[in-house]
Amino acid sequence: MDIIREDVFPRDRLDPTATAGLILCGMGGPDGPDTVRPFLRNLFRDPLIFPVPRLISPALGWAISTLRAPSVRRRYLQMDPGCVTPQIETTRLQAVAMARHLKSFGIQAEPGIAMRYWRPYPDQTVAELAQRGVRQFLLVPMYPQYSSATGGNTLDFLIQGIRRSLPDAPIHAVSGWGLLPGFLHALAAPALRQLTAWAAAGVPGSECALVYAAHSLPQSFIDAGDPYRSHTLATVGAVNRLVSSGLAEAGHGGWAEDVAGLADPAPAFQSRVGPIKWLGPEITTRVRELAAAGRRRLMVQPVSFTCEHIETLIELDVELQEEAGKLGVVEFHRGAALNLDDDWLKAMAAMLADQAFGAEVPHLA
């Protein structure tokens, strides 16, 4: 199995006096009912997403997309009557906001987005930015924790698109950023808020649980050296320390000792597909165990997602919540994805200004 290492991507120092093309990139999703199947076909024929022999991946991608398209289409229609993923528009707005914050640090950037498995593809985005005079690029994957299957795969696809049009353009690519302080605080805030509310209301800590949710990955990638699991554990540990310290500062430290998931924080994983072995524990299994142990109030905090999409709005908010209710859970809450959280966007822009341009950013000094 080919693992794309983090250190293979260009880290050119960009010219702070010239406009940069800021491209946020991700998986993408359908933009209409008829695009669900081709989106799935592109996804499942990629051996870096679904690790099967390359000779059979096109046929297997066709078969899986054909079988899954009707059910996946229904799930997208639950989110949007036009069967359009919210990921695209949210990512576009994130790029605009990040460019605005970069400007406050003295960096001029033209925002754009590019996706791996559906429109807008890199060639389109690069052509549009080039028409606006862009000749250098700043690439940011919307995957906080690096994996060769997700962030690495998407960056590689995007860089190939830039090289086809502008082979000599300077490129600064960011890989994982799962320990960015602004990101960690944005994740900790909703969990801390909900747990504090339960403690203040006198709910016994022994009835409560905090579950960190992360996108899964085939176990074979981890076995081959992919760092995703260790990066995810690092994010969860850092977020959990913020939640625990916040509860202690509010006078709820003793109460927190009885909350499942605080003393022994670990992610539960979602979105497995197919018969191969995936990272565990699977989130439904984890919720089943918690309910059997008498945990009747769950706070679920995603740590892998920068915007709301099918995995949060349907898998967590609908399917997992429904399953939890059947298991006896009486209160279910889910922390929002990052979306347009301004503190996170500003922290990202500050990191980019410092790392890619060498700009002096006051609160990083």
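Only the coordinates and a few stated rules stand behind these numbers; no lab work does. Because the structure is a prediction, the values reported are computed rather than measured. Note that each Cβ is placed from the backbone with ideal geometry, even for glycine, and that neighbours are counted across all protein chains shown.
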Residue by residue through region 324-331, the couplings from Karplus 6.51 cos²θ - 1.76 cosθ + 1.60 with θ = phi - 60°, in Hz, x for Gly and Pro, are 4, x, 5, 8, x, 6, 9, 9
For region 195-265, build the convex hull from the C-alpha positions and give me its volume per residue in Å³. 83
Could you work out the relative contact order of the chain? I mean the mean sequence separation of Cα pairs under 8 Å and 6+ apart, divided by the number of residues, in percent. 23
Which of rounded, prolate, oblate describes region 1-87, given a ≥ b ≥ c as roots of the alpha-carbon gyration tensor eigenvalues and a/c under 1.5 marking rounded, otherwise prolate only if a/b is larger than b/c? oblate
In which sequence would Leu192, Leu93 go, from the one with the fewest C-beta neighbours within 10 Å to the one with the most? Leu93, Leu192
Starting from the Cα gyration tensor of region 238-320, multiply each eigenvalue by 5, take the square root, and state the resulting semi-axes largest first in whole Å. 26, 15, 12
Place a +1 charge on the Cβ of each Lys and Arg in region 181-334 and a -1 charge on the Cβ of each Asp and Glu, then give the dipole magnitude about the Cα centre in debye, rounded to the nearest 20. 120
Normalised by the number of residues in region 1-113, what is the relative contact order in percent for Cα pairs under 8 Å and 6+ residues apart? 37
Taking the dipole about the Cα centre of the chain, with the C-beta of Lys and Arg at +1 and of Asp and Glu at -1, give me whichever of Ala130, Ala95, Ser71 is farthest to the positive side. Ser71
Assigning unit charges at the beta carbon (Lys, Arg +1; Asp, Glu -1) and nothing else, what dipole magnitude in debye, to the nearest 20, does the chain show about its Cα centre? 740
Under a GNM of the chain (C-alpha, springs under 10 Å), which listed residue has the highest mean-square fluctuation: Leu187, Leu77, Leu313? Leu77
So which DSSP H runs in the chain come out at 30 Å plus along the axis (Cα) with average Kyte-Doolittle of at least -1.0? 228-249
May I ask which residue of Ile159, Ile171, Pro81 lies farthest towards the positive end of the charge dipole of the chain, with charges of +1 (Lys, Arg) and -1 (Asp, Glu) on Cβ and the Cα centre as origin? Pro81
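Take Trp278, Trp255 and order them by how many other Cβ atoms sit within 10 Å, fewest up front.
Result, fewest neighbours first: Trp278, Trp255.
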Straight distance only, please: which lysines reach the Cα of Lys346 with their own Cα at less than 30 Å, same-chain residues fewer than 8 apart left out? Lys103
